[in-house]
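To start, the structure under review is shown below, and the notes come after it.
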Amino acid sequence: MASTETSPHVARYPAGAKAFPHRDLIGIGQLERHEILFLLDEAEQWVTLNRQPTKHNDLLAGLTVINAFFENSTRTLLSFEIAGKRLGADVVNMHAATSSVKKGETLIDTAITLNAMRADAIVIRHGSSGATQLIADKVDCPVLNAGDGQHEHPTQGLLDALALRHALRERGEAADDFTGLVIVICGDILHSRVARSNLLCLQALGATVRLCAPPALMPTGIEAMGAEVYHDFDAALDGADVAMMLRLQTERMSGQFIPSAREYHHLYGLTKQRLANAKRDALVMHPGPMNRGVEIDSEVADLIDRSIITRQVEMGVAIRMTALEVLTRRGRGVAGWGAAT
Ligand code: NCD
């Protein structure tokens, strides 16, 4: 895994660079490496707070955060809600299933409505790629992307990096960046915004990323993003430091992409035997929700010393606290956070 030699000290703030000059968090693709590291560093204080019996801070007291979720979610919605509440904000959840979206309201009209209620931050999850940007263009407050179609899921990319950093540090390894690490992302890459955000984030932090999927579930031309493409999972795992598994996003599939779940498991499921191709201490990750017995076996998902799946969930709250706190600094008049770009 990463050693001190392969992880040179990272220049966090290149001369003249602002720590975080963006109003919105739409994707990892908009972030420079030092901005990613800034967010990961800022998150550490919230990891510490979240491990205390009393997990409260009033930084966002009086602010209104709206979570507008047009797609189902368990951990992302809950962790954004918990994050806002732990920072003292008033958090309101809008579920599309019970909103006026069902009455035919357009996304832009919904955005204008949320804006008129003077939200201080809006968190959006939507089934269409680009929907978050569309809303950001119509409102006056920071917008956070909680997943838009197959495009991006930036807080997932950040929380995965934070979970990995913590796991490496606990093993006494230098994890300031991920130079020298080989990370395999295996599953339904085609339909996955998690794969895209992780590819961008992990590469920005120096890792080599191998993407593995059946040909039908691999986006064409993804090599242009710098990924190594594999269709043979055993070969992809060879010597890897991390195996990150993704579920089959059947809700996004029109038609048949795989012969059967059984066959998929046979070729692309992470079993204990298959994990033996990776490094002896390789870590196992999954953004959830898991389909046990399909993309990952229970005995691998629950490996105490190797699986960091629940740690990913833990880090999700800290990352979402960070994103809400940093993006509302301008609105809260925090010194040095005035100029919007
Ligand atoms: C992912 C998502 O919604 O993009 N889940 C998550 O946010 N933890 C991946 C998925 O649904 O499979």
Requested in this report: Out of ARG165, ARG196, report the one residue that is more than 11 Å from the ligand (Cβ to nearest atom), under 25 Å from ALA227 (Cβ atoms), in a helix (DSSP H, G or I) and among the charged types (D, E, K, R).
Outcome: ARG165
Report summary line: Taking first residues from the range 70-89 that are touching a residue at least 60 places away in the same chain (Cβ under 8 Å) and closer than 20 Å to THR132 by Cβ and second residues anywhere that are assigned to a loop (DSSP other than H, G, I, E, B) and within 11 Å of the ligand (Cβ to nearest atom), the pairs with Cβ under 6 Å that are 6 or more apart or on different chains are GLU71/GLY127; ARG75/GLY288
Report task. With the checklist (1) in contact with a Lys or Arg (Cβ under 9 Å, 6 or more places away or on another chain); (2) more than 16 Å from the ligand (Cβ to nearest atom); (3) at pLDDT 95 or above in hand, flag the one item GLN52 doesn't pass. Result -> (1)
Report task. Within the range 262-269, identify whether any single residue is surrounded by fewer than 15 Cβ atoms within 10 Å (Cβ to Cβ) and at pLDDT below 95, and answer yes or no. Result -> yes
Query raised in the report: Which pairs do you get when a residue that is within 16 Å of the ligand (Cβ to nearest atom), found in the range 266-291, comes within reach of a residue that is polar (S, T, N, Q) and part of a loop (DSSP other than H, G, I, E, B), reach meaning Cβ atoms under 9 angstrom, with the pair 6+ apart or on two chains?
Result: PRO287/SER192; GLY288/THR74; PRO289/THR74
Query raised in the report: Given GLY172, GLY206, which one is touching a residue at least 24 places away in the same chain (Cβ under 8 Å), small (Gly, Ala, Ser), more than 19 Å from VAL326 (Cα to Cα) and not in a helix (DSSP H, G or I)?
Result: GLY206
Query raised in the report: Would a scan of the range 106-113 turn up a residue that is without any contact (Cβ under 8 Å) to a residue 12 or more places away in the chain and within 23 Å of ARG252 (Cβ to Cβ)?
Result: yes
Query - the range 245-258, residues that are under 12 Å from ALA216 (Cβ atoms) and surrounded by 11 or more Cβ atoms within 10 Å (Cβ to Cβ) - result: LEU248, MET253, PHE257, ILE258
Requested in this report: Say whether the condition of being touching a His at 6+ places or on another chain (Cβ under 9 Å), in a helix (DSSP H, G or I) and in contact (Cβ under 8 Å) with a residue 40 or more places away in the chain is met by at least one residue in the range 175-193.
Outcome: yes
Query - Selection from the range 106-165 of residues that are of a type in the set (Gly, Ala, Ser) and within 28 Å of PRO219 (Cα to Cα) - result: GLY127, SER128, SER129, GLY130, ALA131, ALA136, ALA146, GLY147, GLY149, GLY157, ALA161, ALA163
Report summary line: Of the residues in the range 219-265, those that are of a type outside the set (A, V, I, L, M) and within 16 Å of the ligand (Cβ to nearest atom) come to PRO219, ARG247, GLN249, THR250, GLU251, ARG252, PHE257, TYR264
Query raised in the report: Among SER298, SER307, which is buried (at least 18 other Cβ atoms within 10 Å of the Cβ) and either within 16 Å of the ligand (Cβ to nearest atom) or free of Cβ contacts under 8 Å to residues at least 40 places away in the same chain (or both)?
Result: SER307
Query raised in the report: Taking into account only those residues within the range 130-151 that are among the hydrophobic types (A, V, I, L, M, F, W, C) and within 16 Å of the ligand (Cβ to nearest atom), which is modelled with the lowest pLDDT?
Result: ALA131
Report task. Give the number of residues within the range 95-110 that are surrounded by 15 or more Cβ atoms within 10 Å (Cβ to Cβ) and either at pLDDT 90 or above or of a type in the set (Val, Ile, Thr) (or both). Result -> 2
Report task. Inspect all residues belonging to the range 310-322 and state whether any of them is under 27 Å from ASP140 (Cβ atoms) and either at pLDDT below 95 or among the polar types (S, T, N, Q) (or both). Result -> yes
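The values are calculated or read from the model by the stated rules, or taken from the named source; none is laboratory data. Not measured: the values here are computed from a predicted model. Cβ coordinates were reconstructed from backbone atoms using ideal geometry, including for glycine residues, and neighbour counts include every protein chain displayed.
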